Amino acid sequence: KRDWSSDVCSSDLTRPRWRTNQRRGMPAWEFDGSDDRVQSNENIAISGNAAITMAMWLYVPASASTSGARGITRLGDFIGTSTAFGMYYGLRATNALSVEFAGGTPAFTLSAIARDTWTHVCVTKRPGAIKDTTTLYYDAVAQTISNSSSSNTPNITASRTFSLGEGYSGDSRLQCFIDQVVLYDRELTSSEVRYIAQGT
């Protein structure tokens, strides 16, 4: 498990604001949707046809622009067909989340996330075909994965780059607040997802 919070070093990157008194009175990152991002360069030993879980609290203001592909996170460099993954808002369906594996191989839901409210979002993945092994949760409730999701099997390349506030290089970014981002090298069970969503 790796937990990203205010101590993540952004080196020379444009750092989002660490805003106090946000979700339940706790601080959170505020991303402007333009050039803010936070990046960790420590070794992330997740590779191959891997099991993985990523979870966070997400708040999308009603005023945020959601036209086009709006990146939230990325693991890896996403250059050409290099294999990694990232999370997007509104790319495959309006106001809904998608998880994008390099090469345009997504898992996504058609279920929209409410604006102007905090939502706990979580993606879990076990080895195998993307659409059969990926689960997207909103507030610990599993969402239906679209039949148009990819049937490919990903091959994640181990990477030292994990970023908040962006997706593929050059894509638009999402104006949002993000809190308590965690990354696991295994698939969490539904009860574990419910525990982290309800426990904080």
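The values are calculated or read from the model by the stated rules, or taken from the named source; none is laboratory data. Because the structure is predicted, anything quoted here is derived from the model rather than measured. For neighbour counting, all protein chains shown are included, and Cβ atoms are generated from backbone atoms with ideal geometry for every residue, glycine included. These area figures cover heavy atoms from the full protein model, side chains too; ligands, DNA and RNA do not enter into them. Shrake-Rupley method; radii C 1.70, N 1.55, O 1.52, S 1.80 Å.
So, LYS131, is that one farther than 27 Å from TRP18 by Cα, under 15 Å from the mean Cα position of the chain (by Cα) and among the basic types (Lys, Arg) or not?
Considered against the rule, which asks whether it is farther than 27 Å from TRP18 by Cα, under 15 Å from the mean Cα position of the chain (by Cα) and among the basic types (Lys, Arg), LYS131 comes out as no.
Any chance you could count how many residues in the range 95-105 are in contact with a helix residue (DSSP H, G or I) (Cβ under 9 Å, 6 or more places away or on another chain), crowded, with 23+ Cβ neighbours inside 10 Å and farther than 30 Å from GLY25 by Cα?
Of the residues in the range 95-105, 1 are in contact with a helix residue (DSSP H, G or I) (Cβ under 9 Å, 6 or more places away or on another chain), crowded, with 23+ Cβ neighbours inside 10 Å and farther than 30 Å from GLY25 by Cα.
Residues checked against (1) at pLDDT 75 or above; (2) in a loop (DSSP other than H, G, I, E, B); (3) more than 18 Å from the chain's Cα centre (by Cα):
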{"position": "ASP3", "(1), (2), (3)": "no, no, no"}
{"position": "VAL8", "(1), (2), (3)": "no, yes, no"}
{"position": "SER11", "(1), (2), (3)": "no, yes, yes"}
{"position": "PHE31", "(1), (2), (3)": "yes, no, no"}
{"position": "ALA50", "(1), (2), (3)": "yes, yes, no"}
{"position": "THR53", "(1), (2), (3)": "yes, no, no"}
{"position": "ALA62", "(1), (2), (3)": "yes, yes, yes"}
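Only one of ARG92, ARG126, ARG115 is of a type outside the set (Ser, Thr, Tyr), open to solvent by 20 Å² or more (accessible area, probe 1.4 Å) and under 18 Å from PHE31 (Cα atoms); which?
ARG115
Against the condition out of contact with any Gly (no Cβ under 7 Å at 6 or more places or on another chain), at pLDDT below 90 and open to solvent by less than 60 Å² (accessible area, probe 1.4 Å), how does VAL181 come out, does it pass?
yes
When you scan the range 72-136 for strands (runs of 3 or more DSSP E) that lie fully inside it, which ones turn up with 1 or more residues that are under 16 Å from VAL181 (Cβ atoms) and modelled with pLDDT under 90?
Those strands (runs of 3 or more DSSP E) span 85-89.
Under 7 Å between Cβ atoms, which residue pairs at least 6 apart in sequence (or on different chains) link something in the range 175-188 that is farther than 19 Å from THR20 by Cβ with a partner that is aliphatic (A, V, I, L, M) and open to solvent by 60 Å² or more (accessible area, probe 1.4 Å)?
That search, which allows pairs on different chains as well, returns ASP185/ALA45.
Are there any pairs with C-beta distances below 8 angstrom linking a residue in the range 107-134 that is among the hydroxyl-bearing types (Ser, Thr, Tyr) to a residue that is assigned to a loop (DSSP other than H, G, I, E, B) and surrounded by fewer than 14 Cβ atoms within 10 Å (Cβ to Cβ), with the two at least 6 apart or on different chains, and if so which?
Partner pairs satisfying both residue conditions: THR109/THR144; SER111/THR144; THR133/PRO127.
Condition first: touching a residue at least 24 places away in the same chain (Cβ under 8 Å), in a loop (DSSP other than H, G, I, E, B) and either open to solvent by less than 30 Å² (accessible area, probe 1.4 Å) or hydroxyl-bearing (Ser, Thr, Tyr) (or both). Now tell me which residues in the range 137-158 satisfy that.
Those that are touching a residue at least 24 places away in the same chain (Cβ under 8 Å), in a loop (DSSP other than H, G, I, E, B) and either open to solvent by less than 30 Å² (accessible area, probe 1.4 Å) or hydroxyl-bearing (Ser, Thr, Tyr) (or both): ALA140, THR144, SER146, SER148, SER149, SER150, THR153, PRO154, THR157.
Just checking, how many residues over the range 30-49 are under 8 Å from THR161 (Cα atoms) and exposed (fewer than 12 other Cβ atoms within 10 Å of the Cβ)?
So the count comes out to 2.
Would you confirm, using the coordinates I've provided, whether GLN143 is at positive phi and not acidic (Asp, Glu)?
So GLN143 does not fit the description; no.
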